[in-house]
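Presented below is the structure to which this report refers.
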Amino acid sequence: QLPVEPDTRVSYEDCLPYQPVLQRAGLLQYLALWRDGRTRADDPLLWGDEVEYTLLHVDKDTGMTRLNCRLRTLVAELNEAAAADHPQGDSPRSIWHYEGGRYMVEGTPGSPYGDTFTDLLAVEGNLRCRRRLLESLCHSDEACVTLTTFPRLGASDFMIPSGVLPSQLTGSHTIPDLAITDHLRYHQITENAAKRCGTTCILWAPIYRDLRTPINFIDPLPATITPENLRRLYHIHPPGPRDCVYLDSLYYGFGSCSLQATVQMPNLARARYLYDQLSVLAPVLLSLTAAAPATKGYLLETDTRWHFLRSAGDDRRLDEMIGTASRDSPTTAPFRPRYDSITNYLGTDNDDAADSVAPYNDVPVRYDPDHYATCRQAGLDHWYSVHLASIFTRDLMSGRREFFHGQDAPGATGLSDTFTASVWPTTKLKPPCPRTGAGWRVECRPMELQYTDSQNAALAVFVVLLARAILHDEPNFYVPISHLDDNMVRAARRAAVRQETFSFRTGQDHEGAPVYERLSVNEIINGQSGGFTGLLPLIHTYLDGQNLEAVTRTKINRHLALVGDRASGKLPTCAEWMRSFIQHHPQYHQDSIVSAPINHDLMMAILQDNGDSATTAFETAE
Ligand code: ADP
Ligand code: MG
Ligand code: MG
Ligand code: MG
Ligand code: MG
Ligand code: MG
């Protein structure tokens, strides 16, 4: 198969001796962006969402719905169709990008939404428009869905065309190379991750134990996979193999979809503050949006895609996973996986001893002290330097010939962009972009994708209003990073939205020390009586002060009500709804298996819900 872009890849081995040089060159590019961007002020609150679409092949005769691996060729068609179809004549209404799976495509608004409250309401129409555009290019036996994880991803006969196993790229015995985008960067990252850590990536995902799930369930590993190859799924019990399903490809993670929102801040200081606060809320957003209760044809004991991704992008060597005895040293502390919560809060740029975030940054961060020193010499404060040095201490996993030349030319950003695009934290601080003129932006990344445009719109609106209310009210949500890590683990569990509690800051004691209590998602979102105000009340108070027209406010309230009902349990999460659909299906044998016929009916139900009907699947489910 011909590459779709010029192949200038440089192999992992050839890059290896140059890693420190490449890292430094990338870091210097970033520092130039920082230098130019640090004085930006009063940038408007522009924002945009990202939604990933899954293309299905639907065989009505046999009742089979499979992943349809042809989307890569559709990206150009979609962008052309979007360009041809914009009444205002300024910019197209949507932009389309390739994604990790060959059955996936990402759509964003054609240009960011503006900073007014009426603009906030443009997102739902834009999402509908995007879905219609994609549908208009679908053949009669195709359909598109917004699905976090296809329940039969990696099960037998899950895709079309069928593809060859095992995969050459990943060694997977379940997900063929044909499921993976033909974009070379993904191939390179995939190959290099395996080279770097020296093992096949295997995770044990705990199976949901139903009435007839075999006692001591075992998902037998292919004979070629030895115990030395195994990488265990962190923290989620049991550790496997008993009562676990093995997932043996990066694409259980990169083949899942998410909902992201990026918000532009007036300046760097505000961006740093919002980055910190949204990072604390990431586990809450994850459990609130949970939408991935099954994969590989099995119901799982977890509800989200996050741990698939956390393990999928993980290229750490053993010493980097556990660190050494002197874990407090930046050179011997453990690395985080590339896909994870944040390494450290950024705080303000006031770097004196009274540093406000130091007590919360209680998990050691690994970085190269030389890169840290480079940041400090450039004028960055301590915690921003730690943040950057840790990003640029990662090996470059997608080396290209062009990265070896001209990277010190003024304005070059290629290397910097590649390094920052190869870590995937819950929250991202995006530096100004000279090419587009964008300013400092914060990207909120933990949310799972919902089936319907109205739900995705509601969550996007919620996040943007949360950002606005946070900037306005300046609440203090800081919890130690160690608490945040624990919260992320809890957020993945089944029905976390109703059953889990999260370490949350509720105030301070009479000596001024922070008080952390265990709060449910409902208490965090809707508030406690006599305790924490709640994020929705915070937003409503903020909106009350904004002189909105009644009609605008009513529409905004409708979006927010959905979030409140989700948190209170009045509406199920997509994961709960999907789980319940599967468990009540007449062909389900209470054995945790999501068979092809069950999956087909589930996809049909989801598709039906995205027709024009006013009732959502959630209202009819109860
Ligand atoms: P990435 O995949 O790196 O996160 P994308 O280009 O896919 O980036 O998505 C970026 C998102 O940010 C889109 O929703 C886009 O509309 C939005 N966006 C673009 N420019 C700005 C800006 N200046 N301020 C805020 N959001 C922006
Ligand atoms: Mg994107
Ligand atoms: Mg992307
Ligand atoms: Mg994407
Ligand atoms: Mg993004
Ligand atoms: Mg709908």
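The values are calculated or read from the model by the stated rules, or taken from the named source; none is laboratory data. All of these numbers come straight from a predicted model, not from anything done at the bench. As a convention, Cβ positions derive from the backbone with ideal geometry for all residues, glycine included, and neighbour counts pool all protein chains shown. The area values use the complete protein model at the heavy-atom level, side chains included, leaving out ligands, DNA and RNA. Shrake-Rupley method; radii C 1.70, N 1.55, O 1.52, S 1.80 Å.
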message: I'd like the full set of residues that are among the basic types (Lys, Arg), farther than 21 Å from VAL463 by Cα and either in contact with a strand residue (DSSP E or B) (Cβ under 9 Å, 6 or more places away or on another chain) or within 16 Å of ligand 4 (Cβ to nearest atom) (or both), limited to the range 95-147.
response: ARG102, ARG131
query: If you go through the range 195-221, how many residues are open to solvent by 40 Å² or more (accessible area, probe 1.4 Å), in contact (Cβ under 8 Å) with a residue 60 or more places away in the chain and over 20 Å from THR302 (Cβ atoms)?
result: 3
- prompt: Inside the range 544-576, can you point out the residues that are touching a residue at least 40 places away in the same chain (Cβ under 8 Å), within 23 Å of ALA492 (Cα to Cα) and open to solvent by 20 Å² or more (accessible area, probe 1.4 Å)?
  reply: LEU562, SER568, GLY569, LEU571, GLU576
query: Picking from ALA412, ALA438, which residue would you name as being within 16 Å of ligand 5 (Cβ to nearest atom) and either surrounded by fewer than 22 Cβ atoms within 10 Å (Cβ to Cβ) or without any contact (Cβ under 8 Å) to a residue 12 or more places away in the chain (or both)?
result: ALA438
message: Please go through the range 413-449 and give me each residue that is assigned to a loop (DSSP other than H, G, I, E, B) and closer than 24 Å to LEU484 by Cα, ordered by number.
response: ALA421, SER422, VAL423, THR426, ARG445, PRO446, MET447, LEU449
- request: Given the conditions (1) within 15 Å of ligand 1 (Cβ to nearest atom); (2) surrounded by fewer than 16 Cβ atoms within 10 Å (Cβ to Cβ); (3) acidic (Asp, Glu); (4) in a helix (DSSP H, G or I), report the number of the one that ASP42 does not fulfil.
  value: (4)
query: What are the residues in the range 79-110 that are in contact with a His (Cβ under 8 Å, 6 or more places away or on another chain) and acidic (Asp, Glu), if any?
result: GLU106
statement: Across the range 303-325, the tally of residues that are outside any helix (DSSP H, G or I), under 25 Å from ALA491 (Cα atoms) and at pLDDT below 85 stands at 1
task: Output the qualifying pairs, or none if there are none: Cβ atoms under 6 angstrom, residues six or more apart or on different chains, first residue in the range 117-134 and without any contact (Cβ under 8 Å) to a residue 40 or more places away in the chain and closer than 25 Å to PRO44 by Cβ, second residue open to solvent by 10 Å² or more (accessible area, probe 1.4 Å) and of a type in the set (Phe, Trp, Tyr).
output: ASP119/TYR113; ALA122/TYR113
query: Which residue, of PRO109, PRO151, is within 18 Å of CYS257 (Cα to Cα) and within 16 Å of ligand 2 (Cβ to nearest atom)?
result: PRO109
message: Take the residues in the range 91-119 that are more than 12 Å from ligand 1 (Cβ to nearest atom) and crowded, with 24+ Cβ neighbours inside 10 Å; name whichever of them is nearest to GLN264 (Cα to Cα).
response: MET104
message: Looking only at residues that are outside any loop (DSSP other than H, G, I, E, B) and β-branched (Val, Ile, Thr) in the range 492-546, which one is nearest to THR118 (Cα to Cα)?
response: ILE539
task: Filter the range 72-127 down to residues that are among the β-branched types (Val, Ile, Thr), in contact with a helix residue (DSSP H, G or I) (Cβ under 9 Å, 6 or more places away or on another chain) and at pLDDT below 95, then give me how many there are.
output: 1
- prompt: Inside the range 441-459, can you point out the residues that are touching a His at 6+ places or on another chain (Cβ under 7 Å) and open to solvent by 10 Å² or more (accessible area, probe 1.4 Å)?
  reply: none
